[in-house]
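The values are calculated or read from the model by the stated rules, or taken from the named source; none is laboratory data. Predicted model only: the values in this text are computed from it and were never measured. Here the Cβ positions follow ideal geometry from the backbone for every residue, glycine too, while neighbour counts run over all protein chains shown. Surface areas here come from the heavy atoms of the whole protein model, side chains and all, with no ligands, DNA or RNA. Shrake-Rupley method; radii C 1.70, N 1.55, O 1.52, S 1.80 Å.
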Amino acid sequence: MSSTTKFEVLPDELLIIILKKLRLHDRYYSFARLNCRFDSLLKYLTPQEICKTDIEDDIEWFREDLTRGRYFTFPYSDKTSDRFGWVMVPVAQSSSENIPDSVTRICKKYAFDLEKSFFFLSSDEERLQRAQEQAARCQMNGDSHGWEIHMETTHSLEIKKVKSEEQDAMIIETAQKIWAELFEENLLRFCVDI
């Protein structure tokens, strides 16, 4: 006499242990929209807050390629990552048959304007350090004119850095709002492998 157990009759506690063993993409790709129970388990396993470090890394990755304009952030998970990443999408180019209207509507609601001039790049960091060093050298040598020039550069780069940090904070804040709405409406399942 053989006995078989259906996966669905396992208690939630065991299913949670099994689901935790899967990569994020596989978890959503395999179990999202199967039934209300699995959707609830996936929601239980999904953090309600975004990972600030992850989105900061994603912003940094996109920073070089972004231009001035209106954008929104979009969470995604693909087969290669075990987290939700964030993409910066220009509002003007945001129509996609792969993204459901309900997700696009929420993301666009939190669109923001980017000012390219406020992106503080790694090359700006190097320029800031050089300007500070040169200003210090000029001050030690009594070169007040050279000191003023390098301090002007230092000051403008420091302002740019502060503006960039403010802009990054705004992007993170809007991403959290998007995440919260997608989470609440159980729409994160549409952000997998699109």
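Things worth noting here:
- Taking a Cβ cut-off of under 12 Å around Glu158, the surrounding Lys, Arg, Asp and Glu residues balance to a net charge of 0, with basic ones at +1 and acidic ones at -1.
- Under the Karplus curve 6.51 cos²θ - 1.76 cosθ + 1.60, θ = phi - 60°, whole-Hz ³J(HN,Hα) for segment 61-76, x wherever Gly or Pro sits: 5, 7, 3, 5, 9, 6, 10, 4, x, 9, 10, 9, 9, 9, x, 8
- Between Asp124 and Ile17, the contour length at 0.36 nm per residue exceeds the Cα-Cα span by 33.9 nm.
- Fraction of accessible area attributable to carbon and sulfur, the chain (%, probe 1.4 Å): 51
- For segment 129-179: rounded, prolate or oblate by the Cα gyration tensor [a/c cutoff 1.5]: prolate
- Per residue solvent-accessible surface (Å²) - segment 1-76, probe of 1.4 Å: 69
- Using the Karplus relation 6.51 cos²θ - 1.76 cosθ + 1.60 with θ = phi - 60°, the per-residue 3J(HN,Hα) values for segment 35-51 come to 6, 4, 5, 5, 4, 5, 5, 4, 5, 4, 7, 8, x, 7, 10, 6, 7 Hz, with x marking Gly and Pro.
- Phi to ³J(HN,Hα) by Karplus 6.51 cos²θ - 1.76 cosθ + 1.60 over segment 129-136, Hz, x for Gly, Pro: 4, 4, 4, 5, 5, 5, 5, 5
- The chain, relative contact order [Cα under 8 Å, separation at least 6], %: 28
- Rounded, prolate or oblate (a/c below 1.5 giving rounded, otherwise prolate when a/b exceeds b/c) for segment 17-66 by Cα gyration tensor: prolate
- Taking the chain as the region of interest, the number of lysine pairs whose Cα atoms are within less than 21 Å, with members eight or more places apart or on different chains, is 20.
- Debye-sum result for the chain in log10 I(q)/I(0), which assumes one identical scatterer on each alpha carbon, at q = 0.08, 0.11, 0.14 Å⁻¹: -0.41, -0.63, -0.85
- Ranked by the mean number of other Cβ atoms within 10 Å of their residues, highest first, the peptides 44-53, 183-192 come out as 183-192, 44-53.
- For Gly69, distant residues with modelled amide H under 5 Å away: Leu114, Lys116
- Prolate/oblate/rounded label for segment 38-104 (Cα gyration tensor, a/c 1.5): oblate
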